[in-house]
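Asker: Following this message is one structure expressed as structure tokens.
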2 protein chains.
Amino acid sequence: VHASPNFTQNALRPGFVEFAFGEPDPTLLPVELIGTVARHAIETYGAGAISYGRPEGPAVLREEIARRVAAREGCVAAANCVMITGGNSQGLDLALTVFTRPGDVVLVESPTYNLALGIMRDRGVETVAVPLDDDGLEVGALEALLSGLRSAGRRVRMLYTIPTFHNPTGVSLALGRRRRLLALAADRDLIVVEDDVYRELAYDGEAPPSLWSLAPEAPVVRLGSFSKSLAPGLRVGWVNARPDLLSRLVAAGVLESGGCVSQYAATVAARVLAEGAYDAHIIGLRRAYASRRDALAAALREHLPSGCHFAVPAGGFFLWLSLPAGLTASRLLPFAERCGVAFAPGVRFSCDGDDRRLRLAFCLYDEAALAEGALRLASAIRTAESGCD
Amino acid sequence: VHASPNFTQNALRPGFVEFAFGEPDPTLLPVELIGTVARHAIETYGAGAISYGRPEGPAVLREEIARRVAAREGCVAAANCVMITGGNSQGLDLALTVFTRPGDVVLVESPTYNLALGIMRDRGVETVAVPLDDDGLEVGALEALLSGLRSAGRRVRMLYTIPTFHNPTGVSLALGRRRRLLALAADRDLIVVEDDVYRELAYDGEAPPSLWSLAPEAPVVRLGSFSKSLAPGLRVGWVNARPDLLSRLVAAGVLESGGCVSQYAATVAARVLAEGAYDAHIIGLRRAYASRRDALAAALREHLPSGCHFAVPAGGFFLWLSLPAGLTASRLLPFAERCGVAFAPGVRFSCDGDDRRLRLAFCLYDEAALAEGALRLASAIRTAESGCD
């Protein structure tokens, strides 16, 4: 079994340590498992697995997800609070389609997942940034912004947030803030799109409770996904939301026409869950990624010059590194590339041009490569500092 | 192997002949083949099959499609004129996202595929109908409408058309009109979205040439699909278009974020083509559906009262039936349902409320059931005519 060329989204440069790409390591993907259950899905569900599916997705996967969510998140979840998506990108696009119209303001964290902004651009909405600190989204600032925008006559219907193991910063929203955000959203009729793609990748105990599980009656659209925890190429995720919100998503024209956007792949994911293979796989992933996180953090502590700072994230794929005063990530990048290491400059994720930080993904390489990358990065920072002051 | 409940888009009522549903007969889906190649895709492409894919889709499938299109449609097709979609519904949605903005006019045939209208509604465009006759879209009327709308200051960037084995009418656009349409589109900078989903289902010789193959340099976005010819639940289709148009589609935000919308299923489709199974499957489908078409046409000729008319379609899934003067399809429907037969009333597909016709899908039942459905329909028409004049 080998990966063919021209397949994958990001091409890795030989000899480089590519810290920029937030994608699962291909060697950690459950290739054999998927090959097996892909056949089981056909054997178990027959023609139903490859027919036009219901817009909300196959009941078998919705029920498996409802069961798992209820067991792990301690909330009452029924299949009628689950619809299947083609992953969180498609889920976000669907939520924008249904709940916003062009010209609306969508509130986002700054920094935030940069590629979500392209999806919003295509839907013609304007994004307005809400600041984030070590406890996640600043809910007080959100409230002030929302009030100001609405007083100015703007239509603000949606917040897009990554409250758990945030991309790019790795922080999680504090529990008190989660509750305040939910109260605010309910009170002000603000739909909170909760991108929850990193939930399963918790390395220090369990992930904090999802916004949706804390208040299933609130206007939360929780986007769950199998992309990081199983296989991104399946393109299967789900939405948890109140039935009234879910029914609006299910009624989208593209689903009425084509049915479930990931029908066959959804039945493959259903077999992974039904055959009991998912939990064992996730335990292995957590162990592998936690070890990588620790290796990167240790190497950075050992090699980085003074003036660099980072917090060790409790989950997810990313470490968010502050550079010494006076050095921007974009200025550092060419020095880093000459040293054979790359990263995502902070400016890509910020809405205000802030470029004092950079994002390091620790998901794609083993411990030795991550340590080598940290060494190269430290060297590049020293060179950039000495050469350009 | 059996189909599980709660799987498929349309629920068939026991004892009914459901002429309303334009979906492949589950018993004609290549269930065993898909189960086998789903495993082969993993064995052949490894982790690449389930990683984030390139926005344009895996090169293996793009190359297989380019080869097949070149061989069957006699035009030069390279992989750089192919991108992979999640089926034609997603492809249309993508084209609307990239090439239109809310408030634009999109020209559509009347009648047209009704569920395409829901996709357009979600994109905030206004649809304006172009009439259709037995030779397909009336290109002269299109030209006049386009001129009038643009003179009135409207932004008209797109025509959506089903020129081959049209849904719901079954007609195909005459060759001379194809050439006139292409010249007009090039001259007036009108993007023609060619929904070509029924191309492989040709029953009387080959399908007419696609608009795209006649003029690959014209502004045509040809939507091809494996939904009718292989399996709808795979959710795999493709676009053929000029590289400059294709590159705009590939740059959509949702693809930049999630990669190919059908990565794993696309590798499954690639194996079907690469292993040589596709042509044999299509030959079988053509034979099966042609026999069903003929059985339905023969039974209708035998049983229908005078005043009913239809042409035998040369391909696709649908027969378009005219009712006796004074009887509308919607008025007929409850009579039909009392006889255990259902259909799609013409008003669903028309933009002007015309309901003198109805659409009968002959894809979902075998010859005996189709004949029984025709008998019931004839009886319902007689009852409706006698009871309601």
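Asker: Give me the net charge for the shell around residue B:241: Cβ to Cβ below 15 angstrom, other residues only, Lys and Arg +1, Asp and Glu -1.
Answerer: That works out to -3.
Asker: Could you report the accessible area of residue A:110 in Å², rounded to 10, computed with a 1.4 Å probe on the protein chains as they sit in the structure?
Answerer: The accessible area comes out at roughly 20 Å².
Asker: Let me ask something else. Going 7 Å from the Cα of residue A:282 in the Cα-to-Cβ direction, what parts of the stretch A:211-232 have a backbone nitrogen less than 20 Å from that spot?
Answerer: The answer is A:211-216, A:221-232, whose backbone nitrogens lie closer than 20 Å to the label point.
Asker: Top to bottom by accessible area (1.4 Å), largest first, where do A:113, B:264 land?
Answerer: Largest accessible area first, the residues go A:113, B:264.
Asker: Okay, next question. Calculate, in whole percent, how much of the Cα-Cα pair population of the stretch B:1-84 lies beyond 23 Å.
Answerer: Everything past 23 Å amounts to 51 percent.
Asker: Can you work out which chain A residue has the shortest Cβ-to-axis distance for the rotation that carries A onto B, and give it in Å?
Answerer: A:38, 2
Asker: Report the far tail of the P(r) of the stretch B:42-82, meaning the percent of Cα-Cα pairs longer than 11 Å.
Answerer: 65 percent
Asker: Determine the per residue accessible area of the stretch B:19-144 with all protein chains present and a 1.4 angstrom probe, expressed in square angstrom.
Answerer: With all protein chains present, the stretch B:19-144 gives 31 Å² per residue.
Asker: Restricting attention to the stretch B:139-209, which GluC sites (Glu not before Pro) occupy a DSSP loop and are surrounded by at most 15 other Cβ atoms within 10 Å?
Answerer: Passing both the DSSP loop test and the Cβ count: B:206.
Asker: Would you please give the FRET efficiency between residue A:325 and residue B:76, computed as 1/(1 + (r/R0)^6) with r the Cβ-Cβ distance and R0 = 56 Å, to the nearest 0.05?
Answerer: Plugging the Cβ-Cβ distance into 1/(1 + (r/R0)^6) gives 0.45.
Asker: Rounded to the nearest 0.05, what FRET efficiency do residue A:189 and residue A:129 give with R0 = 22 Å and r taken as the Cβ-Cβ distance? Could you check?
Answerer: Calculated transfer efficiency: 0.55.
Asker: Okay, next question. With chain A treated as a Gaussian network of Cα nodes joined by springs under 10 Å, which of A:42, A:84, A:191 yields the largest mean-square fluctuation?
Answerer: Per the Cα network of chain A with a 10 Å cutoff, A:42 tops the list.
Asker: Going by amide H atoms built from the backbone, whose H comes under 5 Å of the H on residue B:130, apart from near neighbours?
Answerer: Amide H neighbours of residue B:130, under 5 Å, 5+ apart: B:108, B:109, B:110.
Asker: Which whole number gives the average count of other chain Cβ atoms within 10 Å of the Cβ atoms across peptide B:32-40?
Answerer: The per-residue average across the peptide is 5.
Asker: Short version: what are the Cα gyration tensor semi-axes of the stretch A:274-389, square root of 5 times each eigenvalue, largest first, in whole Å?
Answerer: Taking √(5λ) for each eigenvalue gives 29, 15, 11 Å, largest first.
Asker: Where does the stretch B:130-192 land on Rg/Rh, using Cα atoms and the Kirkwood Rh?
Answerer: My calculation puts Rg/Rh at 0.97.
Asker: Using the 7 Å Cα-to-Cβ label point, sort the distances from residue B:138 to its equivalents in the other copies shortest first and give them in nm to one decimal.
Answerer: For residue B:138, the inter-copy label distances come out at 6.3 nm.
Asker: Within chain B, what percent of beta bridges assigned by DSSP are antiparallel, to the nearest 5?
Answerer: Bridges in chain B that DSSP calls antiparallel: roughly 50 percent.
Asker: Quick one: putting +1 on the C-beta of Lys and Arg, -1 on the C-beta of Asp and Glu, what dipole do you get for the stretch B:236-389 around its Cα centre, in Debye to the nearest 20? It would help to have the intermediate numbers written out before the result.
Answerer: On the way: 16 positive and 15 negative charges, 13 e Å.
Approximately 60 debye in magnitude.
Asker: Give me the dipole magnitude in Debye, nearest 20, for chain B about the Cα centre, with unit charges on the beta carbon: positive for Lys and Arg, negative for Asp and Glu.
Answerer: Value, rounded to 20: 420 debye.
Asker: Which sequence of B:281, A:166 reflects their accessible areas, 1.4 Å probe, from the largest down?
Answerer: Highest to lowest solvent-accessible surface, that is B:281, A:166.
Asker: Evaluate peptide B:121-133: per residue, the Cβ atoms of other protein chains within 10 Å of its Cβ; return the mean as an integer.
Answerer: 2
Asker: Show that you can apply the helix-only estimate: for the protein assembly as shown, add -39,500 (n - 2.57) for every DSSP H stretch of four or more residues, divide by all residues, and state [θ] at 222 nm to the nearest 500.
Answerer: For the protein assembly as shown, the value works out to -13500 deg cm²/dmol.
Asker: Please work out, to two decimal places, the log10 of the ratio I(q)/I(0) at q = 0.09, 0.15 Å⁻¹ from a Debye calculation in which every Cα of the stretch A:78-235 carries one identical scatterer.
Answerer: -0.26, -0.77
Asker: Quick check for me: using +1 on Lys/Arg Cβ and -1 on Asp/Glu Cβ, what's the dipole size of the stretch B:1-154 about its Cα centre, in debye to the nearest 20?
Answerer: 560 debye
Asker: Can you give the Rg/Rh ratio of the stretch B:172-312, where Rg is from the C-alpha atoms and Rh is the Kirkwood radius?
Answerer: 1.05
Asker: Also, quick follow-up: Relative to the compact-globule scaling 2.2 N^0.38 Å, provide the ratio for the alpha-carbon radius of gyration of chain B.
Answerer: The value comes to 0.99.
Asker: Given R₀ = 41 Å, what would the calculated FRET efficiency be for residue A:386 paired with residue A:291, taking r from the Cβ atoms and rounding to 0.05?
Answerer: Efficiency for this residue pair is about 0.75.
Asker: Suppose you put the label 7 Å out from Cα in the Cβ direction; list, shortest first and in nm with one decimal, how far residue A:155 is from each other copy's label.
Answerer: 1.7
Asker: Find the Rg to Rh ratio for the protein assembly as shown, where Rh is the Kirkwood radius over alpha-carbon pairs and Rg uses the same atoms.
Answerer: 0.99
The values are calculated or read from the model by the stated rules, or taken from the named source; none is laboratory data. All values reported here derive from a predicted model rather than from experimental measurement. Note that we place each Cβ from the backbone using ideal geometry, even for glycine, and neighbour counts take in every protein chain shown. The protein model used for the area step is the full one, side chains on, heavy atoms only, and it has no ligands, DNA or RNA in it. Shrake-Rupley method; radii C 1.70, N 1.55, O 1.52, S 1.80 Å.
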